[in-house]
Each structure stands twice: as C-alpha cells, then as structure tokens.
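The values are calculated or read from the model by the stated rules, or taken from the named source; none is laboratory data. Just so we're clear, the structure is a prediction, and the values are computed from it rather than from any experiment. Note: ideal-geometry Cβ built from the backbone for every residue, glycine included; neighbour counts use all protein chains shown.
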Amino acid sequence: MTAPARHWRFMVRFGVVGLLSLALDTAVFLLLALVAGLPVWLANILAWVVAVQQSYVLNGVWTFKRPWRELVDHVTYGGFVVGGLLGLAVTTVTVTLAALVMPVLPAKGLAILVGVAFNYIASHFVFHARLKRFGGGEVPG
C-alpha cells in the first residue's frame, strides 16, 4: 500500500474512533445529567473520563496498531491523558472565546474541530514517540 493510502486509512480510523468517543461522551453526559441528576459540570467531567478510556484503547489497538504491552505502559497512558486534559483546556478556551463573537452552537462546533486537530496531533506524538521503545505498529509519517 502506498504511503498516501496508508495515511488516509489512518486518518479515517482516527476519525471513526473520534466519532465513537464523541457519541459515548454525549450518551454518558446525558445519562448522568438528565437521568441521574448530577450537576452538568460533574457529568461532563465523568463523561470525558469514560470516553477518553475508550479513545485510548481503540486508537492504540486499531488506529496506531500498538501491542497491549505498550498500552499498559504508564508513560504512554499518562501522555495520552495529559494530551486529553490539554485538549479539554484547548476546547474550553476555544468555545469561550468564540462565543464572544458568534452564537454558542457554532462556537461549540468550532471548538470540536479545534479539539479534533489538537487530539490528532497529541495522539500521534504520544504513540509515535513509543515506536522506538517497542517497535512495530503503524503510524504514518
């Protein structure tokens, strides 16, 4: 398979995992906020915690083709979580600033796009940095 084809396959997988994580995050948030009656801020944090676990495993195994021994490595996992927390901060700042100049719904959409780009870059570097230690896997260049 050519390098551009591998890269597009990789990006599609990353996008599918992102959509699944977004769906899980939204479902857990609605369940906790509307059904369980938790405060919105707490429901949002807990939903993110659940979705980030799914994202880590699916991206690690399917998108980046990493072996399980690497996925349980605390450095790799810690880097992923830190990247996620940074992504959470990036999207919060984006939606807050964008809402000053546009309606909230488009501001949230912009924040999602910025978050996807940030998370793609963060995930790529977290998993790519581990290639030399563990070998194998698939991270297009």
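For the range 80-106, a residue qualifies if it is closer than 19 Å to Val50 by Cβ and over 17 Å from the mean Cα position of the chain (by Cα), but none of them does. Here the condition is being within 19 Å of the chain's Cα centre (by Cα), among the hydrophobic types (A, V, I, L, M, F, W, C) and modelled with pLDDT of 80 or more; of Ala5, Ala23, Ala36, it holds for Ala23 alone. Taking the range 2-101 and the helices (runs of 4 or more DSSP H) fully enclosed by it, no element has 3 or more residues that are surrounded by fewer than 13 Cβ atoms within 10 Å (Cβ to Cβ) and in contact with a Ser or Thr (Cβ under 9 Å, 6 or more places away or on another chain).
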